[in-house]
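The values are calculated or read from the model by the stated rules, or taken from the named source; none is laboratory data. Please read these numbers as outputs of a predicted model, since none were measured by experiment. All Cβ positions, even for glycine, are placed from backbone atoms using ideal geometry, and neighbour counts span all protein chains on display.
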Amino acid sequence: MTEVTIIGGGVAGLCVARTLLDCGVGVVLVDRHKDIGPHACSWWAGGMLAPFCEGESAEEPVVRLGREAADWWEARTGAVHRCGSLVVSSMRDTADLARFARRTTGFRHVSGSEISDLEPDLGGRFTKGLFFESEAHLAPRHALARLRASLLADGAAFVQEDADPDRYAQRGLTIDCRGYQARDRLGDLRGVKGEMLVLSCPEVTVTRPIRLLHPRVPLYLVPRGDGVFMLGATMIEGQAGRHVTARALLELLSAAYALNPAFGEAEVLEIGVDSRPAFPDNLPRIRRNGNLIRANGLFRHGFLLAPALARMVADLIIDNKTPEVMDETAA
Amino acid sequence: MTEFYGTTLPNGLMLGTAQYPSPAILADAFKRSGAGVATVSLRRESGQDRAGQDFWQLIHQLGVHILPNTAGCHSVKEAVTTAHMAREVFDTRWIKLEVIGEEDTLQPDVFGLVEAARILSEDGFQVFPYTTEDLVVADRLLHAGCEVLMPWGAPIGSGLGLNNVFGLRAMRAHFPDVPLVIDAGLGLPSHAAAAMEMGFDAVLLNTAVAKAGDPAAMAEAFASAIRAGQLAHAADPMGPRDMAAPSTPVIGKAFLE
């Protein structure tokens, strides 16, 4: 097979490129920017590989397909931490914890003392929790850099250009992986705004992603190592403006403070805001029209679902196998 | 049929549009319940640059009446500003007016509510005020120009049902001709049925449907309960009594001994 052009160098584009290259297909990756950075939605990802937790509100394919993610990332970037994830709630929100348990699988109930054993710095604040032992997490920027480096080493070409996928498709097989940028061609794609913070708080040690359930502001905290944490994330219908709102900051920070008051002394290293690309059912889609394939709609599941999405794109291109997330709407 | 500012609705269900697992499930909830009104909250940030328009387009596609709300506003000024943005964005005079006065219970600030209702009514809005069951406040809201009242059942999102049945009955009796909507606090279809049996004109829900394991099925369950309650109210239910009253006549029954 001749070379395939991939437009968009975020997590979707990089995973598709890596998977095709693994199958012996040469790739050219085209992106507006020279390198991955704050312009990309994946730059601001939490990096939780938590298919079971996501099952609380996501459709079944997310749980099933997401289980491929940890092995995929570990094999290609090495940087996967397999410490599980922990879900807790304050006393007044234990009904939410029970509800979370009813809607998910793959966990065991943990008591206050077990929570203290798992995460000593949360000890004494929570009496009940859910431990999803088989889940994992990674540091998104590190994983993307590793992926990019491996692609370069294996002969992938990178081109900096604000490319029009339709024009590329006139010359050969092209895969549009642009995320929300593809909104102009995908009428049913929408943006869901997310706001997040990167905090430095060396006083607190946490080894695995923590989800704090709250009826209004569910929060997650993902350790990045060396006392750095990613704190996220709001979910607001509407594509992002450039700035985070004061309300989002208040909500995120007060939730972190509830996890451990030491977060009151944390330094705010970064404030991030971006739009997650999503279709109406919040599931990804692959659409094909001649030489052009569009793979999009990873929503809040970029790192979780991109490996499966990439596999399905490869199956389509190489074996002409129709992916389960392919829909009839023409690209 | 009850008219809400001249509009009759297909049934007594108004549904909120927040917190669903996905817009596809939200659309399904509307389809299965036949709800004729969708409430949409407008964040001021998204009103300014119309950032929410992808989502609003999906709401428009539901083909129902849109009732924008001023959720999360804590002052008259905030609520009035939000109402103006909502009128522009959604092209409707309807506004569900919320002025929150207390953070733990999300109880309305009834003083601010009356003031904001007056300002907005004078400005041509058709106001649906989120209020308590207080009769005096209700009267002030009507004087401020409201033609619909929306008393709470219980605090927003609590799922407790009708907390003050006495107060709500009194309100219904006191304002027989005003369209009354139970807004907030319902958790189960039986709560909605009870409200309709008491003669309320509609119920407004969000969390009870959106946070159910199967939101579309729960929306349908609420619609059925509302229909049952409406039918029961129209059928003039019997009043409760202290003593048993046999349903089978005893006179003329054959004696065994």
- Residue match in region A:91-113 (condition: closer than 19 Å to A:ALA258 by Cα and in contact with a Pro (Cβ under 8 Å, 6 or more places away or on another chain)): yes
- Query: Can you pull out the residues in region A:224-244 that are charged (D, E, K, R) and either buried (at least 16 other Cβ atoms within 10 Å of the Cβ) or within 11 Å of another protein chain (Cβ to nearest Cβ) (or both)?
  - Reply: A:ARG224, A:GLU237, A:ARG242
- Message: From the list A:VAL63, A:VAL27, A:VAL11, A:VAL16, exactly one residue is surrounded by fewer than 22 Cβ atoms within 10 Å (Cβ to Cβ), among the aliphatic types (A, V, I, L, M) and modelled with pLDDT of 95 or more. Which is it?
- Response: A:VAL63
- Restricting attention to region A:40-54, does a residue exist that is surrounded by fewer than 20 Cβ atoms within 10 Å (Cβ to Cβ) and either within 14 Å of chain B (Cβ to nearest Cβ) or not aromatic (Phe, Trp, Tyr) (or both)? no
- Output for Cβ contacts, cut-off 7 Å, separation at least six or different chains, first residue modelled with pLDDT of 85 or more in region B:100-111, second among the aromatic types (Phe, Trp, Tyr), reads B:PRO108/B:TYR130
- Item | Complete set of residues in region A:87-96 that are assigned to a helix (DSSP H, G or I) and either at pLDDT 95 or above or more than 14 Å from every other protein chain (Cβ to nearest Cβ) (or both) | A:MET91, A:THR94
- Task: Of the conditions (1) crowded, with 24+ Cβ neighbours inside 10 Å; (2) at pLDDT 95 or above; (3) out of contact with any His (no Cβ under 6 Å at 6 or more places or on another chain); (4) outside any loop (DSSP other than H, G, I, E, B), A:MET312 clears all except one; give me its number.
- Result: (1)
- Message: Cβ contacts < 6 Å: first residue more than 12 Å from B:PHE111 (Cα to Cα), restricted to region B:137-150; second residue hydrophobic (A, V, I, L, M, F, W, C) and in a loop (DSSP other than H, G, I, E, B), any location; separation 6+ or different chain. Result?
- Response: B:LEU149/B:VAL178
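Yes or no, residue by residue, for (1) modelled with pLDDT under 90; (2) assigned to a loop (DSSP other than H, G, I, E, B); (3) under 15 Å from the mean Cα position of the chain (by Cα); (4) crowded, with 18+ Cβ neighbours inside 10 Å:
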| position | (1), (2), (3), (4) |
| --- | --- |
| B:LEU15 | no, no, yes, yes |
| B:ASP28 | no, no, no, yes |
| B:ALA38 | no, no, yes, yes |
| B:LEU58 | yes, no, no, yes |
- Message: Within region B:151-167, take every residue that is free of Cβ contacts under 8 Å to residues at least 40 places away in the same chain and either aliphatic (A, V, I, L, M) or touching a Lys or Arg at 6+ places or on another chain (Cβ under 6 Å) (or both) and give me the one that is farthest from the other protein chains (Cβ to nearest Cβ).
- Response: B:VAL165
- Message: Looking at region A:245-268, can you tell me whether even one residue there is within 14 Å of another protein chain (Cβ to nearest Cβ), part of a loop (DSSP other than H, G, I, E, B) and either more than 16 Å from A:GLY194 (Cβ to Cβ) or at pLDDT below 95 (or both)?
- Response: yes
- Take region B:202-217 and flag every residue that is assigned to a loop (DSSP other than H, G, I, E, B) and touching a residue at least 60 places away in the same chain (Cβ under 8 Å). B:ASN206, B:LYS211
- From B:ALA86, B:ALA71, B:ALA35, residue being closer than 28 Å to B:VAL110 by Cβ, among the small types (Gly, Ala, Ser) and touching a residue at least 60 places away in the same chain (Cβ under 8 Å): B:ALA35
- All but one of (1) within 14 Å of another protein chain (Cβ to nearest Cβ); (2) under 23 Å from B:ALA38 (Cβ atoms) hold for B:PHE200, so report the exception by its number. (1)
- Query: Among the residues of region A:269-293, which ones are part of a strand (DSSP E or B), surrounded by fewer than 24 Cβ atoms within 10 Å (Cβ to Cβ) and away from chain B (no Cβ under 14 Å)?
  - Reply: A:LEU269, A:GLU270, A:ILE271, A:GLY272, A:ILE286, A:ARG287, A:ARG288, A:ASN289, A:LEU292
- Message: Against the condition within 24 Å of B:MET218 (Cβ to Cβ), part of a helix (DSSP H, G or I) and more than 14 Å from chain A (Cβ to nearest Cβ), how does B:ARG32 come out, does it pass?
- Response: yes
- Query: So B:VAL209 fits all but one of (1) at pLDDT below 95; (2) surrounded by 12 or more Cβ atoms within 10 Å (Cβ to Cβ); what number is the exception?
  - Reply: (1)
